Amino acid sequence: MELLNDMIVARFGPLGPLMVVGGLGVVLVLITLPFLLRRKADPLDKLAALRKAAKTGTGPSLRAGNRNDKLEKYSSFLEPQNEEEYSAIRLKLMQAGYRSKDAVRTFHFAQFALGVGLLILGVFYAILTSTTGTPSTQALILSVLVPGTIGYMAPKYWITKRQQQRREEITNGFPDSLDMMLVCVEAGQSMDQSIVRVSAEIRAGYPALADEYEIVSHEIKAGKDKVSVLRDMSERAGVTDVASFVTVLIQSATFGTSVAEALRVFSAEMRDKRVMRAEEKANTLPTKMTLATMMLTVPPLLIILLGPSIYNIVETLGKFKM
């Protein structure tokens, strides 16, 4: 690397490494753009034409309330053209709490904008360091590529953290919601009414779970099939307990058994499961504290016990030398 750096400096001057890095970046961008801008044949071209006509006012409106029309013309660039990739990122965003129709487009735009923006800042920083000193080629490359990589990966990290937090919130609040639902059903309310009541009662403590129940109630009121509604809730939540609850309700409706009895058994099981999770975390606590205890307790203890003896030994050796 040092030999290559010397050759580049000898040929292009002190700013030679920065020019080489910028040239490589431009070449990579030019190589990547044809693949990104290449658009596959869409079987729904007719629907796209109708949407465009509706937007310009020359045709019927297909959908109202699109808040991100400026990004829609870049949908072929910002959205995955593969159906499986689109479905996977769409499901992940829904499980993170972003359910709007343009969530996928906004997510990829955030990745692109942050990546390019921080990459440009990295180039400016490399130029500044080149004018004030003579950094190595490796340092220049890292100062340009590291900010761009961080900007590109930051939205993905944010979505993953939101997804984990939302799943944890739903898992913690689900047993309490089942107890409330059991009380409502035993009081004479229907399953639909109990879901509406539970969504209103638990919103203060578990807003993510309340949103899921509210979506279920709205979809049922709109006339959607209850089995499909429950399965969609299980898919949006991404929690095993919710999937088991949906299976219990579907089986109860299929075989004609009592919903209250099924809720009573399942809520008791969820309470026991929550206690088991708490006990599991408590049992792993001593193991996690072992390393910290050894690092924070053993060195001071050795200093207290062996410090005076070492001091006396040093003093005695000093007297013998004298």
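Values in this text are rule-based calculations from the coordinates and carry no lab data. Small disclaimer: the values here were computed from a predicted structure and weren't measured. Using ideal geometry, Cβ is built from the backbone for each residue, glycine included, and neighbour counts are taken over all protein chains shown.
Scaling against 2.2 N^0.38 Å puts the C-alpha radius of gyration of the stretch 193-275 at 1.08.
Under the 0.36 nm per residue contour assumption, what length would be gained going from the current alpha-carbon distance of Glu280 and Thr129 to full extension?
On the way: separation 151, 0.36 × 151 = 54.36 nm, distance 5.19 nm.
Additional length available on full extension: 49.2 nm.
Measuring r between the beta carbons of Ala222 and Ala253 and using R0 = 25 Å, the FRET efficiency lands at 0.85. For Glu83 and Glu168, the difference between the fully extended length at 0.36 nm per residue and the C-alpha to C-alpha distance is 27.7 nm.
Taking square-rooted eigenvalues a ≥ b ≥ c of the alpha carbon gyration tensor, is the stretch 143-293 rounded, prolate or oblate, where a/c under 1.5 means rounded and, failing that, a/b exceeding b/c means prolate?
It comes out oblate by the Cα gyration axes.
Computed from the Cβ-Cβ distance with R0 of 56 Å, the FRET efficiency linking Arg99 to Ile303 stands at 0.45.
With the charge dipole of the stretch 250-317 set up from +1 on Lys and Arg Cβ and -1 on Asp and Glu Cβ about the Cα centre, the Cα lying farthest toward the positive end among the listed residues Asn283, Ile304, Ser267 is that of Ser267.
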